[in-house]
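FYI, it's all coordinate maths here, none of it is from the lab. This is a predicted model, so every value here is computed, not measured. Glycine gets a Cβ as well: all are built from the backbone with ideal geometry, and neighbour counts include every protein chain shown.
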């Protein structure tokens, strides 16, 4: 490995010498050398050569070196502050190269630097095309900064809301899926098996809880976790139930979709979920209103802000199941319940 790295250093120096006399030939030679650098390369001499290309002020060399940054792993952390300084200069090409490079440095410090860059820029084009992609490259590690970044972009780039919300919600979805995989590996108690509901519907019989010895959560006290299984997928949402101010005899069931939610999205199986909850709490379909409350942290709020989905059901009294549903989106709970 040492011999290979020494050979790569010699080739890189040779390519740089060629670049000084012939830009085209030198660039091609440098690109070939970069492709040969192994992942997690720990050669400090080779890194210093790449680092000089990255921060030397030549945009062509910086672009080539950019593709090599991620190959050096922890070594690249030593250039974070330098890249941050470059990203805060007035020279557009340098600030973009430096910011994109930070997106390839596997370090929490690099993420902090990118967030600092975003909050120091007011040019939406630079943010959308350099800083936000660099932030996105850090994937799951961006979780502590998602709300902070969105809050800043809401103020500075409102016209780009559709773009940055899609990017940030994609990250939230990755984080949620990662947590889902971790949680589903555990032996979780299941309140209701929705496959049982399907069987009950076909058999025209009333649904009963799968586990008779599991006590149902008390929704009158606070939001409770509601776990269910559908086609071998374990899912969990929070559920709350309250009376409507003007109609104390009625119930409003709110299904929460936030950062703690995982598994199947409630709006994809509303009839099954509503049937299970109605059966568990013996709710009267005519006096029950259903709302799915989506928080931006869920990664599924379509507008990037808190959303309320009022669900209207058709109910089959004979089978005691909800048979179909229509959903409509609102921006507030009040609006949803007025309809």
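The stretch between residue 170 and residue 23 holds 49.0 nm of extra length on full extension. This uses 0.36 nm per residue minus the Cα-Cα distance. Remark on region 266-338: ratio of C-alpha radius of gyration to 2.2 N^0.38 Å is 1.15. Sorting the Cα pairs of region 12-107 by distance into bins of 10 Å, from 0 upward, gives 17, 52, 29, 2 percent per bin. With R₀ set to 22 Å, the beta-carbon distance separating residue 302 from residue 159 gives a calculated FRET efficiency near 0.80.
Our summary gives region 2-181 a relative contact order of 14 percent, counting only alpha carbon pairs under 8 angstrom and 6 or more residues apart. Using the alpha carbons alone, the radius of gyration of region 2-181 stands to its Kirkwood radius in an Rg to Rh ratio of 1.02. Residues 66, 272, arranged from fewest to most other Cβ atoms within 10 angstrom of their Cβ, appear as 66, 272.
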